[in-house]
Structures are given as structure tokens and as C-alpha cells.
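Here it is, the structure, as C-alpha cells.
Just so it is clear, none of the values below were taken in a lab; they were calculated from the coordinates. On a predicted model such as this, the values are computed, not experimentally measured, just so you know. Glycine also receives a Cβ, built like all others from the backbone with ideal geometry; neighbour counts cover every protein chain displayed.
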Amino acid sequence: MTEKEPSLDYVLKMINCSVSKCNKNMEKVYKLQDESYIKLADLLNKVRLNKISNDEYHKETKKIVIEINKHKDNIEFIKCKIKNCNDNIRNVLIYTVNKVLKIKKDKKSKVMLNNYLNKFKQSIINHKDIINFYNDLEMIS
């Protein structure tokens with residue numbers, strides 16, 4: 001097996017489970033994401049036209065990502081995946097943390113990532129930890 005295959009396998013299993021068990025929640029999140037992509041495209045266009053700086057673009061992009069992550073529809077979707085697809089979401093999260101740990105060299109990021117790794121290895125994953133993880137991941141990237 002190559003390095004990428006486990007990741008793809010984990011993601012596919014999680015998607016299949018999400019589609020079969022959390023379809024209504026997923027549709028709401030996709031609608032939310034589509035609306036956010038329009039905002040992101042508008043920001044990108046403003047940068048391209050020099051109406052905002054790159055720093056402003058990154059700041060506003062992070063706000064949009066955090067807004068999506070904390071939206072009630074996204075929270076309900078995460079809760080549904082935890083309830084119905086727990087092992088699948090755990091595998092994806094652990095794989096993601098391990099991959100980022102290989103890239104990040106600073107001690108602060110490594111401590112934070114190892115903290116999440118320990119949380120995601122628990123039998124019950126808290127939806128708040130997942131949201132915080134994705135928000136923190138956005139901040140360290």
C-alpha cells in the first residue's frame with residue numbers, strides 16, 4: 001500500500017457513511033459551504049484587483065472558515081458523524097493529525113497536535129474538539 005491509500009480509504013469510508021447516515025445534515029453544510037465559496041471568490045477577486053491586501057485576504061478567509069466550522073448546521077453534521085460514523089471520522093482525524101505532525105516543526109504546534117491526537121484516540125470524540133482542531137489547523141497553516 002502506498003502512503004496515500006490509507007487516507008483515501010479513510011475518507012471514502014467516512015463519506016459513504018455520512019451519505020448514508022447524515023445526508024440531510026450534509027446537504028445543509030454543502031449549502032453553507034457554497035455560500036461561503038462565493039464570499040471567498042469575492043475576496044480573491046478583490047485581492048486580484050488590489051482592492052484589499054494579501055493580509056486582509058488571509059484574515060477574512062480565516063474568519064469565513066471559522067464561521068463555517070462554528071455554524072449550527074456544521075455542528076449538527078459533525079455530531080451525526082460522531083454518532084453514526086465514529087470510527088471513520090476518528091481514522092480521518094488521526095491520519096490528518098499525524099500528517100501535519102510530520103510537517104510542523106515548532107514546539108507549540110506539535111504540543112497542540114499531540115493533544116488533539118490523544119483526544120481523537122479516545123472512544124468518544126467531542127464535536128467541540130473537532131471544531132477546535134479545524135480552527136487551530138487553519139491558524140497554524
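Nearest 0.05, what FRET efficiency do LYS83 and ILE140 give at R0 = 25 Å with Cβ-Cβ as r?
For R0 = 25 Å, the calculated efficiency reads 0.30.
Still on this structure, I have one more. Return one number: the angle in degrees, 0 to 90 and rounded to the nearest 10, between the long axis of the Cα atoms of helix 72-84 and the longest principal axis of the Cα atoms of the chain.
For 72-84 against the chain, the angle is about 20 degrees.
When the Karplus curve 6.51 cos²θ - 1.76 cosθ + 1.60 is applied with θ = phi - 60°, which whole-Hz ³J(HN,Hα) does each residue of the stretch 54-62 get, with x for Gly and Pro?
Calculated HN-Hα couplings, in order: 4, 4, 5, 4, 5, 5, 5, 4, 4 Hz.
Apply the Karplus curve 6.51 cos²θ - 1.76 cosθ + 1.60, θ = phi - 60°, to the phi angles in the stretch 13-20 and return the couplings in whole Hz, x for Gly and Pro.
Running phi through 6.51 cos²θ - 1.76 cosθ + 1.60 with θ = phi - 60° gives 5, 5, 5, 4, 5, 4, 5, 7 Hz.
Could I ask something else about it? Filter the trypsin sites (Lys or Arg not before Pro) in the stretch 21-113 to those in DSSP coil with at most 12 other Cβ atoms within 10 Å of their Cβ, and list the result. Show your work: numbers first, answer last.
Working: sites: LYS21, LYS24, LYS28, LYS31, LYS39, LYS46, ARG48, LYS51, LYS59, LYS62, LYS63, LYS70, LYS72, LYS79, LYS81, LYS83, ARG90, LYS99, LYS102, LYS104, LYS105, LYS107, LYS108, LYS110; in loops: LYS51, LYS104, LYS105.
Passing sites in the stretch 21-113 are LYS51, LYS105.
Further question: Could you list GLU76, GLU27 in order of exposure, starting from the residue whose Cβ has the fewest other Cβ atoms within 10 Å?
By the 10 Å Cβ count, ascending: GLU27, GLU76.
Taking only Cα atoms, what is the 0 to 90° angle, nearest 10, from helix 23-48's long axis to the longest principal axis of the chain?
Tilt relative to the chain: about 30 degrees.
Would you mind getting me the FRET efficiency between ALA41 and LYS62? Use the beta-carbon distance for r and R0 = 25 Å, nearest 0.05.
With R0 = 25 Å, the Cβ-Cβ based efficiency is 0.95.
Here's something else I'd like to know. Of ASN25, ASN88, ASN98, which is the most mobile in a GNM of the chain whose springs link Cα atoms less than 10 angstrom apart?
ASN98
OK, next. Normalised radius of gyration for the stretch 80-139, please: alpha carbon Rg relative to 2.2 N^0.38 Å, two decimal places.
1.08
Let me ask something else. Sorted from largest to smallest, which semi-axis lengths in Å does the alpha carbon gyration tensor of the stretch 50-93 give for its equivalent ellipsoid, taking the root of 5 times each eigenvalue?
Three semi-axes, in Å: 32, 12, 5.
I'd like the FRET efficiency for SER20 and ASP106, computed as 1/(1 + (r/R0)^6) with the beta carbon distance as r and R0 of 30 Å, rounded to 0.05. All intermediate terms of the calculation are to be shown ahead of the outcome.
On the way: r = 40 Å, r/R0 = 1.33.
E between SER20 and ASP106, to the nearest 0.05, is 0.15.
Let me ask another. Assign unit charges at the C-beta atoms only (+1 for Lys and Arg, -1 for Asp and Glu), then state the dipole size of the chain relative to its Cα centre in Debye, rounded to the nearest 20.
Numbers: 29 positive and 18 negative charges, 78 e Å.
With only Lys, Arg, Asp and Glu charged at Cβ, the dipole is about 380 debye.
Follow-up. First obtain the Kirkwood hydrodynamic radius of the stretch 4-140 from its Cα pairs, then insert it into the Stokes-Einstein equation at 10 °C and 1.306 mPa s, and state the resulting D in µm² per second as a whole number.
98 µm²/s
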